[in-house]
Amino acid sequence: MTLPAKLRDIFASEVTRPIAPIVWFHETSPEKLKAEVDEYIITGGWPEGERRRRVPNGIHEQAVKLLTAIAQELDRKDRVDLPVAWISGFYGSGKSSFAKLLGLALDRTALPGGRSLAKALLERDTSPRRQELRDAWDRLLAKIEPMAVVFDLGGLSRGNEHVHSVVVRQLQTRLKYCSKDAIVADFELDLERDGKYARFLEVAEQALGKPWSEVKDMELAEEDFSLVMHKMEPHKYRDPMSWYSSRSGTRRHTESVQDAVRAIADMMRFRSPASTVFFVVDEVSQFVLGNKPRIDALRAFTTALGAELRGKAWLWALGQQKLEEQADDSFLVWAKDRFPAKLRVHLEPSNIRDVVHQRLLRKKPELEADLRRLYQEHKDELKLYAYDCAELTEEEFVEVYPLLPNHVELIGEITSAMRSSALAQGDAHAIRGLLQILGELFRSQGLADASVGALISLDQVYDVQRTSLSSDTQNSMSRILNHCASDGSGLKLRVAKVVALLQLVQGKSDKSSARRGEEQQVPHRRETRRPVPPRQPGPRQSGQRGHRGARGPPSRQPPQLRREDRLQDPVDRRRGVGPRAPRDRYRPRDGHRAHPGGPQVPHGEADPPAPRRSPVPLGGPLLRRPPDRRRGDRRPP
């Protein structure tokens, strides 16, 4: 069978269909969840020796690891000290879908027709080891009655709120407290603590003519609450608006970490005493990095959850990178200890490649043999010229064609750099994951109608992602594109576009190359260098000056001064203020040799202490440099 003329005809599914650019945590309708789980791909789960072993830590393995670790923590006699998990992965790796679907499955969410989300999710694992995931799920549910609160932290935070404050508000909504006013919800909890909530519900139905459950989520719920409190305790609230006026401008009761944890414990005790709650929170690392108060509050919150609730409440925090790769030291110092290693989940870039293959680039089975022949015809050119294809196999080519296999990780690094760095401030919403980039290429760039044999290149990716670059980069590219407009071949334009993308990950590539180079060198190179023996000073020749007061012939290259020497011996020659250090104290850096006749200091030894000259009195005359006979200077007449 011969290959069709257009690319769109070699795929098993329609490649121009729209794909959601991002997983929204607030979209939890049964219809939306059914659409998401029907396209969800669970990677991994293949035994040793299988060709798919290239995903050794797929979504299957990570889900089994997380569920098993939680069950083991719950088996501890002293209960759980740190009920927190960290879920990470590249932008577009599927970590948000993983956490959202797994969390809502724990919440026993139902799909249209009454089918449970948990059952639908487990059925998406079709690997040979799929029973492992089902067993881990059953073991966890045999120990607890789970309940989940799933939300995006960045979209729900108000002003300078901390993580624990947002968590309390979302739990109040989940347990059917007032969702329109947090102060009303706090006061509902206070009524429950004082044993007055049952009477409040009776008075509310009498005063409002309908149950409080039908009023609490209305826009004017705080005014209705004030009326009920007036009817319930008229000696405290003399008119219907007294409670509302007295609470206007006041702060919530749960601003501190301890108050928030106490509120969580009491709400669970009153509204759902048999449940274990899982807080699944997206964009945690982006929310706290660079903000020390938020970092300190999160650290205190994770500690207090374990100390007070002992496994009755869990926090799943999401971020783009592993904890070992976070750049902010203030976050990294404590996060490694607060998030145990067995409760960390990381979705590798290899998962993205498998998801892209199964969701979008899966080929028609009857055409795979023709694609293999196409590979055999051009494999030498691919291995010689294509990006990182020296070890490209026939199987890899067929799976991700028209994409190159190692472009998956490269494009993932580029999109992550756009999103996490200041370069993404140009248009953060325009940043797309790999699936969305491929969809845009097939739809708007005409790739679906290209002839079979065409490959995706980075300049085409630039055309999709260009609005995500910084304004400076876009301005520079505008000038470059105008300058290269006269190039008839168009090669200069394509090269400029590729460079604009690769410069985003150039520093990372340089660090990786340097790290690989250091691993090949002898460790502790500075310690293995033999010290340079000092030379004997020679007689100074007439008419020659040594540099910085040293004797002997002058040095061809002046030594470089240490920064600490310049700071310790400041001299303001224009004002004549400050101590002047002896000239012999200014020594060259390690590795720079002075001239043969000058004094030498062996490597690893400190300089001998030098006497300091008394400073020139403040306000003294501006003097020229005093004569130095060692330099051959003459005294003025």
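The values are calculated or read from the model by the stated rules, or taken from the named source; none is laboratory data. Quick caveat, the model's predicted, so the values are computed rather than measured. Heads up, the Cβs are rebuilt from the backbone with ideal geometry, glycines too, and the neighbour counts pull from every protein chain shown. With ligands, DNA and RNA removed, areas are computed over all heavy atoms of the protein, side chains included. Shrake-Rupley method; radii C 1.70, N 1.55, O 1.52, S 1.80 Å.
Here are the numbers:
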| quantity | calculated |
| --- | --- |
| Number of the condition not met by residue 350 [criteria: (1) among the small types (Gly, Ala, Ser); (2) assigned to a loop (DSSP other than H, G, I, E, B); (3) modelled with pLDDT under 85; (4) under 30 Å from residue 3 (Cβ atoms)] | (2) |
| Positions within the stretch 1-19 being in a loop (DSSP other than H, G, I, E, B) and in contact (Cβ under 8 Å) with a residue 40 or more places away in the chain, in sequence order | 1, 2, 3, 4, 5, 12, 13, 15, 16, 17, 18, 19 |
| Matching residues, the stretch 137-171, being more than 15 Å from residue 182 (Cβ to Cβ), small (Gly, Ala, Ser) and more than 19 Å from the chain's Cα centre (by Cα) | 142, 148 |
| Selected residue [open to solvent by 70 Å² or more (accessible area, probe 1.4 Å) and in contact with a His (Cβ under 8 Å, 6 or more places away or on another chain)] from 262, 199, 238 | 238 |
| Odd one out for residue 508 among (1) open to solvent by 100 Å² or more (accessible area, probe 1.4 Å); (2) modelled with pLDDT under 85; (3) of a type in the set (D, E, K, R) | (1) |
| Residue count for the stretch 50-72, restricted to those that are modelled with pLDDT of 90 or more, of a type in the set (S, T, N, Q) and open to solvent by 20 Å² or more (accessible area, probe 1.4 Å) | 2 |
| Whichever residue in the stretch 302-323 is in a helix (DSSP H, G or I) and hydrophobic (A, V, I, L, M, F, W, C) and, among such residues, is surrounded by the most Cβ atoms within 10 Å (Cβ to Cβ) | 305 |
| Residues that are touching an Asp or Glu at 6+ places or on another chain (Cβ under 9 Å) and open to solvent by 40 Å² or more (accessible area, probe 1.4 Å), drawn from the stretch 273-282 | 274 |
| Cβ pairs under 6 Å, 6+ apart, first in the stretch 156-183 and open to solvent by less than 40 Å² (accessible area, probe 1.4 Å), second of a type in the set (S, T, N, Q) | 166/157; 168/254 |
| Filtered residues of the stretch 117-139 (kept if more than 18 Å from residue 314 (Cβ to Cβ) and open to solvent by 50 Å² or more (accessible area, probe 1.4 Å)) | 119, 123, 124, 126, 128, 129, 130, 131, 132, 134, 135, 138 |
| Residues located in the stretch 108-126, provided they are farther than 19 Å from residue 359 by Cα and touching a residue at least 60 places away in the same chain (Cβ under 8 Å) | 109, 110, 111, 112, 117 |
| Helices (runs of 4 or more DSSP H) contained entirely in the stretch 181-286, each with at least 2 residues that are charged (D, E, K, R) | 182-193, 197-208, 221-232, 257-271 |
| The one condition in (1) modelled with pLDDT of 85 or more; (2) outside any helix (DSSP H, G or I) that residue 24 fails to fulfil | (1) |
| Any hit, the stretch 30-44, residues being open to solvent by less than 20 Å² (accessible area, probe 1.4 Å) and under 24 Å from residue 285 (Cα atoms) | no |
| Given (1) in contact with a strand residue (DSSP E or B) (Cβ under 7 Å, 6 or more places away or on another chain); (2) open to solvent by 30 Å² or more (accessible area, probe 1.4 Å); (3) among the hydrophobic types (A, V, I, L, M, F, W, C), number of the condition residue 142 does not satisfy | (1) |
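Residues are listed down the side, and each one gets a yes or a no for (1) part of a loop (DSSP other than H, G, I, E, B); (2) buried (at least 18 other Cβ atoms within 10 Å of the Cβ); (3) of a type in the set (Ser, Thr, Tyr):
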site: 456; (1), (2), (3): yes, yes, no
site: 466; (1), (2), (3): no, no, no
site: 475; (1), (2), (3): no, no, no
site: 480; (1), (2), (3): no, no, no
site: 487; (1), (2), (3): yes, no, no
